[in-house]
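Okay, so here's the structure we're looking at.
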Amino acid sequence: MCNVEDGAMSEFFFDEQGDRRMEQQNREHWKALAELIAQAIRQDRLPHTLDVLDIGCHAGGLLLQLFERLRANNKHEIARVAGVEPIADVRRRAAECFGEAQFFPTLQDVPDQYAHLVVSHESLYLVPDLAEWVRQLKRVLRPKGRAFIALGCHGENTAWLRWRVPLVKLYGHHSYVHHPMEILQAGADAGFAMELHRLYPQPKQSMRYSPPEDGWGEFISAQEMLEHARQKYVFVFSLRE
Ligand SMILES: C[S@@+](CC[C@H](N)C(=O)[O-])C[C@H]1O[C@@H](n2cnc3c(N)ncnc32)[C@H](O)[C@@H]1O
C-alpha cells in the first residue's frame, strides 16, 4: 500500500474514466442513502444545524445529495461539510466543489468531536483494522452523534467475495472482508447503539444487464444479479450521550 497522504488514483480505481463511471453508478445509491438518513433523523434530538463528515467521500457526490435532501427536509441544515479522502487529486476536486469545506487525507486527521452526523458509502471494505476504525469514528462524533455507514462489499455478499480476487490480480486493488455481524459487534463493543437497515428495503424488480468488459464483475445467476442491491446494508452507529 502506498502512503495514504499521497494516495494515487490507481490504488483504488482504474483510471479517470472508471472513476467517472463509478460516480454515475453511485448517484442512485447516494440518493437512497440521503433519503434514509433524512427519514431516520427526522425525529432525532440532533441539532437543527448539523456538521457532517463523509468518510471516503471521493469527489463529494454524496455530500451534495445529502445537502440538498436535508435542506428540502426543512428541519435540518448542514452547517459544516467535511470529508475524508486519501487520493490527493480527488480531494482537491471535492474542495473545489465546496467553498468552506475541509477534506482530510485520513480519519485520524479529523479533530475530536468534529461532526454530529457521519456518513460513508462503500469505503469500509478498504479499511484493514475495523476495531481501530470504530474507535476513530467514536472520537470524531459529537455526543449523541450518529453515523450511517453503507456497505455492499462485505463478507455476506458472495458476488463481491468473488470479484475482490480478480480485482487484486487485474488492478492491484486490495480490500478487506468485514462480516456484517462483526461490524455490529465492533460497534456495540465500542459503546455504540447499533442498528442495521437495508439501503433498498423493497426488492428491485429489474436491473440493467451490462457484462463487465474485463470480466471481474460478472454475476453468475439472474437471482444473484437481482439480489445484489439487497446486499447493500446501512450500519447505524448511535452515541447515546
Ligand atoms: C468505492 S469508493 C466510494 C467513493 C464514494 N463514497 C462514492 O460513493 O462514490 C471508495 C472511496 O474510499 C476512499 N478510501 C480508500 N481507503 C480509505 C480509507 N482507509 N479511509 C477512507 N476512505 C478511503 C477511496 O479513495 C475512494 O474515494
Surface/4 of the Cα convex hull for the chain, nm²: 12.4 nm²
Would you mind counting up the charge near W30? Only other residues with Cβ under 11 Å from its Cβ, with Lys and Arg at +1 and Asp and Glu at -1. -3
Please work out how much length the chain gains when fully extended from E100 to K169, using 0.36 nm per residue of separation minus the C-alpha to C-alpha distance, in nm with one decimal. 20.9 nm
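Taking the mean number of other Cβ atoms within 10 Å as a proxy for protection, how do you rank 133-141, 58-66 from highest to lowest?
Numbers: 133-141: 20.0, 58-66: 23.4.
Ranking, from highest mean packing down: 58-66, 133-141.
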Which residues qualify? For E77, with a placed amide H closer than 5 Å and at least 5 residues away or on another chain, they are T49, L50
Return the subset of K31/K75; K169/K232; K75/K204; K31/K204 for which the Cα-Cα distance in this structure is over 23 Å, preserving the input order. K169/K232; K75/K204
Report Rg/Rh for the range 126-241, rounded to two decimals, where Rg is the Cα radius of gyration and Rh the Kirkwood radius. 1.03
Along the Cα-to-Cβ line of R135, 7 Å from the Cα, sits a label point; which residues in the range 163-199 have backbone N less than 16 Å from it? 186-192
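Test of understanding: ordering C57, C97 by Cβ neighbours within 10 Å, fewest first, what list do you get? Please list the in-between numbers first.
Working: C57 26, C97 16.
Result, fewest neighbours first: C97, C57.
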At a threshold of 8 angstrom on Cα-Cα distance, excluding pairs fewer than six apart, so keeping six or more, what relative contact order does the chain reach in percent? 19 percent
For the range 18-124, state which trypsin sites (Lys or Arg not before Pro) are in a DSSP loop and have at most 15 other beta carbons lying within 10 Å of their beta carbon. R42, R45, K75
Quick one: what are the phi-derived ³J(HN,Hα) couplings along the range 179-193, Karplus 6.51/-1.76/1.60 with θ = phi - 60°, whole Hz, x for glycine and proline? 7, x, 5, 5, 5, 4, 5, 4, x, 4, 4, 7, x, 7, 7
Residues whose placed amide H lies under 5 Å from that of G83, excluding near-sequence neighbours: D54, Q102, F103, F104
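What net charge do the residues around L62 carry, taking every other residue with its C-beta under 13 Å from that of L62, with Lys and Arg at +1 and Asp and Glu at -1? Working shown, then result.
Details: positive: R27, K31, R69; negative: E23, E28, E35, D54, E68, E85, E122.
So the surrounding residues net to -4.
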In whole angstrom, how far apart do the alpha carbon centroids of the range 71-147 and the range 158-181 sit? 24 Å
Vicinal HN-Hα couplings computed from phi for the range 58-66 (Karplus, 6.51 cos²θ - 1.76 cosθ + 1.60; Hz; Gly/Pro x): 6, 8, x, x, 5, 4, 4, 4, 5
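Placing +1 at every Lys and Arg Cβ and -1 at every Asp and Glu Cβ, with all other atoms neutral, what dipole size does the range 4-238 have around its Cα centre, in debye to the nearest 20?
900 debye
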Ratio Rg/Rh [Cα only; Rh per Kirkwood] for the range 182-234: 1.15
Counting Lys and Arg as +1 and Asp and Glu as -1, what is the net charge of the other residues whose Cβ lies under 11 Å from the Cβ of R146? +2
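Work out how much length H179 to R198 would gain on full extension: take 0.36 nm times their residue separation and subtract the Cα-Cα distance, in nm to one decimal. Walk me through the numbers on the way to the answer.
On the way: separation 19, 0.36 × 19 = 6.84 nm, distance 1.51 nm.
Using 0.36 nm per residue and subtracting the Cα-Cα distance, I get 5.3 nm.
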Extension length gain for R93 and D112 (0.36 nm per residue less Cα distance), in nm, is 4.3 nm
May I ask for the angle, rounded to the nearest 10°, between helix 16-40 and the longest principal axis of the chain, with both axes built from Cα atoms and the value confined to 0 to 90°? 40 degrees
From the backbone phi of the range 203-210, what are the Karplus-calculated ³J(HN,Hα) couplings (6.51 cos²θ - 1.76 cosθ + 1.60, θ = phi - 60°) in whole Hz, Gly and Pro given as x? x, 6, 7, 7, 9, 6, 8, 9
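Within a 10 angstrom radius of the beta carbon, how do H228, H48 rank from fewest other beta carbons to most?
On the way: H228 19, H48 8.
Fewest-to-most Cβ neighbours within 10 Å comes out as H48, H228.
Throughout, read-outs are computed from the coordinates displayed, never taken from laboratory work. Everything numeric in this text was worked out from a predicted model, so none of it was measured. We place every Cβ from the backbone using ideal geometry, glycine too, and count neighbours over all the protein chains shown.
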